[in-house]
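In what follows, a structure is listed as structure tokens, so that the remarks can point back to it.
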Amino acid sequence: MPTFPGNVPSRLPRVGTTIFTVMSRMAAEHGAINLSQGYPDFDAPQALFDLVAKHMRAGANQYAPMAGVPALREAIAEKVQDLYGGSYDVESEITVTAGATQAIFSAVAALVRPGDEAIVFEPVYDSYVPSIELNGGAAIRARLRFPGYRPDWDEVRSLVTPRTRMILINTPHNPSGAVWEASDMQALEALVRGTDIVIVADEVYEHILFDGRRHESVVRYPGLAERAFVVSSFGKTYHVTGWKLAYCLAPRELMTEFRKAHQFIVFCVNHPAQLALAEFMRDRDRYLGLAAFYQGKRDFFRAGLAGSRFELLACSGTYFQSVRYGAISDQRDTAFAERLTREVGVASIPVSVFYADGRDDRVLRLCFAKKEETLARACERLCRL
Ligand code: PMP
Ligand code: GLN
């Protein structure tokens with residue numbers, strides 16, 4: 001007979017507390033500079049906060065429409081048309097969500113049945129596999145090839161079975177900072193042609209690509225867009241990760257199913273913030289300027305680490321810089337990240353946690369969405385090692 005507490009039949013027996021919570025907590029405990037969890041240490045423009053206040057005072061304090069406020073969905077539709085040439089119906093093909101995490105969860109919940117398989121790419125963002133498993137699916141892991149973190153399309157093809165319901169992709173890629181190219185999207189398009197595989201495209205870093213690279217949104221590829229949930233996050237784009245606001249695009253038939261789940265997972269999301277973002281994002285420079293803004297920070301950070309014993313891996317997008325520390329230590333990355341937090345005062349993310357088998361290339365992820373003074377202090381500490 002089951003006895004509580006102590007005998008809870010966990011749905012996620014192998015899952016602990018997320019690494020982002022663990023490392024941010026450790027950073028706080030030790031007073032370390034927190035380059036672990038990915039969020040800016042600077043604020044969004046005051047104008048955005050003024051807009052939220054304006055809408056709160058004007059009374060937008062009750063439930064928003066289930067799919068999101070129309071003005072925001074219109075602004076999203078225009079942006080996506082402008083940037084990627086994709087046409088999404090404001091009424092039936094765009095939904096505003098409580099962060100990308102909820103959008104991804106809802107897409108999986110809407111489509112994945114017990115026994116279905118969903119392919120993910122390791123190192124894999126930590127919410128994907130639990131989302132699949134909570135919905136009764138099995139996560140099938142393809143591997144991005146170290147150190148460039150490139151997909152191996154022969155491997156992916158070999159993992160597809162009649163049970164494959166979904167493929168979850170992420171470009172620009174967290175944690176590696178790698179960016180998929182047109183040839184990758186074409187390979188994926190060829191792979192799913194003639195199947196009923198659904199794509200979930202996590203594009204939360206869609207505006208953060210460096211050195212003139214183009215974001216290969218699935219929206220650009222008709223053979224993908226016709227079967228894809230495309231997810232972006234306002235948290236990343238407007239420096240407000242704490243607002244937990246994002247959106248999902250999908251063709252009408254898919255979005256109908258998505259909303260069946262969404263309406264019972266969260267129903268609707270923050271009303272005044274949606275109205276504020278609808279106005280704020282009309283200024284295209286706000287997102288078009290993001291790549292140059294973060295490229296400046298990437299370059300500043302890389303220059304600051306150039307004199308260290310860390311080996312800098314390529315960083316083509318996102319606000320994460322991966323570094324190898326093999327020249328400093330042969331400790332496991334989890335142990336080394338802990339030591340770095342305690343003894344050096346810089347918190348990072350050990351990349352092995354994003355692999356089911358704990359593969360450890362002795363790589364740490366460092367977030368450079370920080371003020372230059374924060375980055376400079378961190379570099380000074382890291383160069384001492
Ligand atoms: N996907 C990726 C790749 C991310 O890096 C993040 C968070 N940084 C998310 C999803 C979750 O985004 P949100 O905070 O909007 O839920
Ligand atoms: N996505 C953020 C990161 O990669 C963290 C989000 C979270 O803490 N769940 O660091």
Q.
Please give me, ordered by residue number, the chymotrypsin sites (Phe, Trp or Tyr not before Pro) of the range 216-267 that lie in loop per DSSP and have at most 12 other Cβ atoms within 10 Å.
A. PHE267
**Q.** Simple Cβ-charge dipole of the chain, Lys/Arg +1 and Asp/Glu -1, about Cα centre, in debye nearest 20
**A.** 660
Q | Residues whose placed amide H lies under 5 Å from that of ALA138, excluding near-sequence neighbours | A | GLY115, ASP116, GLU117, ALA118
Q) For the range 1-85, which trypsin sites (Lys or Arg not before Pro) are in a loop by DSSP, counting at most 13 other Cβ atoms within 10 Å? A) ARG11, ARG14
Q.
Can you compute the radius of gyration and Dmax for the range 128-253, using only the Cα atoms, both in Å?
A. 14.6, 41
Q. Remind me, what semi-axes does the range 87-138 give for its equivalent ellipsoid, largest first in whole Å, using sqrt of 5 times each Cα gyration tensor eigenvalue?
A. 22, 13, 10
**Q.** Reduced Cα scattering model of the chain, Debye log10 I(q)/I(0), q = 0.14, 0.15 Å⁻¹
**A.** -1.29, -1.45
Q.
Filter the chain for me: DSSP H helices, axial length by Cα at least 18 angstrom, mean Kyte-Doolittle hydropathy not below -0.5. List them by residue number.
A. 70-84, 99-111, 290-305
Q | Packing-based order for 32-39, 324-331, using average beta carbon neighbours within 10 Å, highest first | A | 32-39, 324-331
Q: Go through VAL15, VAL108, VAL80 and say which Cα lies farthest out towards the positive end of the charge dipole of the chain; charges sit on Cβ, +1 for Lys and Arg, -1 for Asp and Glu.
A: VAL15
Q. Using the Kirkwood formula over every pair of different C-alpha atoms, what hydrodynamic radius in Å results for the range 212-317?
A. 16.9
Q. In the structure shown, do any of LYS54/LYS260; LYS244/LYS370; LYS79/LYS244; LYS236/LYS371; LYS79/LYS260; LYS236/LYS370 have a Cα-Cα gap over 23 Å, and if so which?
A. LYS54/LYS260; LYS79/LYS260
Q.
Under 16 Å from a point placed 7 Å out from the Cα of LEU12 along the Cα-to-Cβ direction: which residues of the range 331-371 have their backbone N that close?
A. 353-356
Q. Are there GluC sites (Glu not before Pro) in the range 71-104 that DSSP puts in a loop and that have at most 15 other Cβ atoms within 10 Å, and which ones?
A. GLU91
Q: Just name one of PHE336, PHE42, VAL351: the one whose Cα is farthest towards the positive end of the charge dipole of the chain (beta-carbon charges, Lys/Arg +1, Asp/Glu -1).
A: PHE336
**Q.** Protection proxy ranking of 59-68, 167-176, 142-151 - average other beta-carbon atoms within 10 Å, highest first
**A.** 167-176, 142-151, 59-68
Q: Report the Stokes-Einstein translational diffusion coefficient (µm² s⁻¹, integer) for the range 184-267, Rh taken as the Kirkwood radius over Cα pairs, at 10 °C with viscosity 1.306 mPa s.
A: 112
Q. Rounded, prolate or oblate: which fits the range 1-120 when a ≥ b ≥ c are the square roots of the eigenvalues of the alpha-carbon gyration tensor, with rounded for a/c under 1.5 and prolate only if a/b beats b/c?
A. oblate
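Values in this text are rule-based calculations from the coordinates and carry no lab data. Fair warning: this is a prediction, and the values are worked out from it, not measured in the lab. With ideal geometry, Cβ positions are generated from the backbone for all residues, glycine too; neighbour counts draw on all protein chains shown.
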